[in-house]
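Visitor: Pasting a structure here, questions to come.
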Amino acid sequence: MINYIVGDTRNIQNIYLTGEFPKPHLIITSPPYYDVLDYEGTPKQIGYGQIDYEDYLKDVVIALQDCYLLSDDNATLWLIMDTIKRDGRTITLPFDVNSKMQKLYEPGTWILKDVIIWDKVKNLPWNSVGKFRNQFEYVLFYSKKECMTFNIDQIRDVDNLKNWWINYPERYNNLGKSPSNLWSYTTQMRGWGKYKKHHLCPLPFPLIERIITLASNVGDTVLDPFAGSGSVLAIAHEMGRDAYGIDINLSYKFLCEKVIHEYAAHYWINRKKLLKTHSHKIQSFRESNLKLRKLKSLNMLGKGIFDSIHTNIYLVSVDVPDSTCIPFYVVSNEDLTAQVHNYSIETQTHLNGVHVDIQFVFLNEILDFLGIRKLNKYSLSKFHHCLGGVSLDSVVSEEPFMEKVVYSDIELQIVMQTFSPKL
């Protein structure tokens, strides 16, 4: 549901309470950047036409504080703003807003949790003396309280993994890489459609989607108090959230309903297909990561066991899919009780996020248990190096000595690739 209210955000308390709207769980907004742009000559707009910078800051801060008072206790605020130039000086607009808000309302105001750099990838090719091309903006991330909606696992990715992740799987969350505070999303041309100048500063759909995914759940209420062309509202609606927006410009409401809503629906249809593919790749990575952790744990223990027990042994493991627990059998024709006691081998071990249960068994017991089941031989010199598939009974009957390998039914095939799409 999209609710686009035409009104002055400075009256958001009255607008919201009169309409009996639900408390927002997420606020995403980008207020006007002081007097940089005139939004179609709209009278009494915040920013353009305000001569006093302090008056502008006060209006923005009061609106954000009203959002704070109206919002759910688990709510977060995502404030997208940029610095501006005045008389050859850089005005740190987003940080001036933050400082004034903290000064006026601390401690009963938004808590600044992080500052994200939004790399816009493309930008206008303008520069001047003392000014570079402007390619990024700030996203100030606030929470109302320490408890908040923060679905970090839903925006992990497996893009561009370095090859050494195979050797150190324990350093990676098996749902993918933790996202950084540098986000790259290309801005569309100013406006919508083919170079149409409908709105001067539209936010890219992928940026909005990322924030909504991270900071809300299906059925939550999303608010944009400076709604503009309604990009936030349109994407929130497509993602199953209730969307509320306020803007003083009536023409932007028409733009949202007639144009932006349609573009957002088209975007989301295509995006869901990509997200499904991404989900499959995350699952594939998760399975490979868990197998690598298991093999590395078996490898580390296997080396120690071979060095500690001075008799011929087999090391055999049977995988339990989707489990972080794995049984590890030390197999011999001899009773290993005395040697185990002498070398104090722990039979319950946690390594690399895996629980290994070491059991000492006789050769005939493991052969009865495994029969002719196919196992893979993994080298103890390189834990993910598979030496081929065999059955343990054939190994026992043909080989006169024990190899320094781990026999396991874990099947691992690592294919290095660049995963997509990026979230």
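Visitor: Please determine whether any residue of region 312-320 is farther than 16 Å from Thr349 by Cβ, polar (S, T, N, Q) and either touching a residue at least 12 places away in the same chain (Cβ under 8 Å) or not in a helix (DSSP H, G or I) (or both).
Guide: yes
Visitor: Return yes when Gly219 is at positive phi and in contact (Cβ under 8 Å) with a residue 24 or more places away in the chain and no when it is not.
Guide: Working: at positive phi: yes; in contact (Cβ under 8 Å) with a residue 24 or more places away in the chain: no.
No; evaluated as a whole, the condition is false for this residue.
Visitor: If you don't mind, there's one more thing I want to ask. How many residues are touching a residue at least 60 places away in the same chain (Cβ under 8 Å) and surrounded by fewer than 17 Cβ atoms within 10 Å (Cβ to Cβ) if we restrict to region 276-285?
Guide: Taking region 276-285 first, the residues touching a residue at least 60 places away in the same chain (Cβ under 8 Å) are 277-278, 281-282, 285.
Keeping just the survivors that are surrounded by fewer than 17 Cβ atoms within 10 Å (Cβ to Cβ) gives 277.
Number of matching residues: 1.
Visitor: For region 213-227, enumerate the residues that are under 21 Å from the mean Cα position of the chain (by Cα) and within 23 Å of Asp59 (Cα to Cα). Write out each step before concluding.
Guide: Initial filter on region 213-227 (under 21 Å from the mean Cα position of the chain (by Cα)): 213-222.
Across region 213-227, the qualifying residue is only Val222.
Visitor: While we're here: Taking the criterion of being at pLDDT 75 or above and within 17 Å of Ile28 (Cα to Cα), would at least one residue in region 169-180 satisfy it? Give the steps one after another, and end with the answer.
Guide: As a first pass, look at region 169-180 and keep what is at pLDDT 75 or above: 169-180.
Pick out the ones that are also within 17 Å of Ile28 (Cα to Cα) and you get none.
Checked against the condition, which is being at pLDDT 75 or above and within 17 Å of Ile28 (Cα to Cα), region 169-180 yields no hits at all.
Visitor: Hey, could you check region 228-258 for residues that are aliphatic (A, V, I, L, M) and open to solvent by 10 Å² or more (accessible area, probe 1.4 Å) and say which is farthest from the chain's Cα centre (by Cα)?
Guide: Checking each candidate, the answer is Leu250.
Visitor: Kindly provide the set of residues from region 1-29 that are under 27 Å from the mean Cα position of the chain (by Cα), farther than 15 Å from Leu69 by Cβ and assigned to a loop (DSSP other than H, G, I, E, B), ordered by number.
Guide: Listed by number, the list holds a single entry, Met1.
Visitor: Any idea which of (1) under 30 Å from Val354 (Cβ atoms); (2) touching a strand residue (DSSP E or B) at 6+ places or on another chain (Cβ under 9 Å); (3) of a type in the set (Asp, Glu) is the one Asp153 doesn't satisfy?
Guide: So the condition that Asp153 fails would be (2).
Visitor: Moving to a separate point now. Anything in region 96-118 that is open to solvent by 40 Å² or more (accessible area, probe 1.4 Å), in contact (Cβ under 8 Å) with a residue 24 or more places away in the chain and in a helix (DSSP H, G or I)? List them, or say none.
Guide: Asp96, Lys100, Leu104, Tyr105
Visitor: Right, next: Name the residues in region 240-287 that are among the β-branched types (Val, Ile, Thr) and over 18 Å from Asp159 (Cβ atoms), would you? Don't jump to the end; show me each part of the working.
Guide: Within region 240-287, the first condition is being among the β-branched types (Val, Ile, Thr), and the residues that meet it are 246, 248, 259-260, 269, 277, 282.
Ile246, Ile248, Val259, Ile260, Ile269 - these are the residues of region 240-287 that are among the β-branched types (Val, Ile, Thr) and over 18 Å from Asp159 (Cβ atoms).
Visitor: Only one of Gly176, Gly130 is surrounded by 19 or more Cβ atoms within 10 Å (Cβ to Cβ) and either touching a Gly at 6+ places or on another chain (Cβ under 9 Å) or touching a residue at least 12 places away in the same chain (Cβ under 8 Å) (or both); which? Please lay out each step first, then the result.
Guide: On the way: Gly130 fails: surrounded by 19 or more Cβ atoms within 10 Å (Cβ to Cβ).
One residue alone meets the criteria, Gly176.
Visitor: Then there is this: Identify the residue in region 321-344 that is in contact (Cβ under 8 Å) with a residue 12 or more places away in the chain and aliphatic (A, V, I, L, M) and, among all such residues, is most open to solvent (accessible area, probe 1.4 Å).
Guide: Val340
Visitor: Still on this structure, I have one more. Please count how many residues of region 80-103 are of a type in the set (Val, Ile, Thr) and over 31 Å from the mean Cα position of the chain (by Cα). So that I can check it myself, show each step before the final result.
Guide: From region 80-103, those of a type in the set (Val, Ile, Thr) are 80, 83-84, 90-92, 97; that's our starting set.
The next check asks that each one be over 31 Å from the mean Cα position of the chain (by Cα); those that pass are 90-91.
Counting residues in region 80-103 that are of a type in the set (Val, Ile, Thr) and over 31 Å from the mean Cα position of the chain (by Cα) gives 2.
Visitor: Of the residues that sit in region 133-166 and are without any contact (Cβ under 8 Å) to a residue 60 or more places away in the chain and over 24 Å from Leu275 (Cα atoms), which one is surrounded by the most Cβ atoms within 10 Å (Cβ to Cβ)?
Guide: Per the criteria, the residue is Glu137.
Visitor: Additional query: Is one or more of the residues making up region 198-213 modelled with pLDDT of 95 or more, assigned to a loop (DSSP other than H, G, I, E, B) and surrounded by 23 or more Cβ atoms within 10 Å (Cβ to Cβ)?
Guide: So far as region 198-213 goes, no, none of its residues is modelled with pLDDT of 95 or more, assigned to a loop (DSSP other than H, G, I, E, B) and surrounded by 23 or more Cβ atoms within 10 Å (Cβ to Cβ).
The values are calculated or read from the model by the stated rules, or taken from the named source; none is laboratory data. Bear in mind that the values here come from a model prediction, so they are computed numbers and not experimental data. Because the Cβ atoms are built from the backbone with ideal geometry, glycine has one as well, and the counts that use them run over all protein chains shown. In case anyone asks, the SASA skips ligands and DNA or RNA and just uses the protein heavy atoms, side chains included. Shrake-Rupley method; radii C 1.70, N 1.55, O 1.52, S 1.80 Å.
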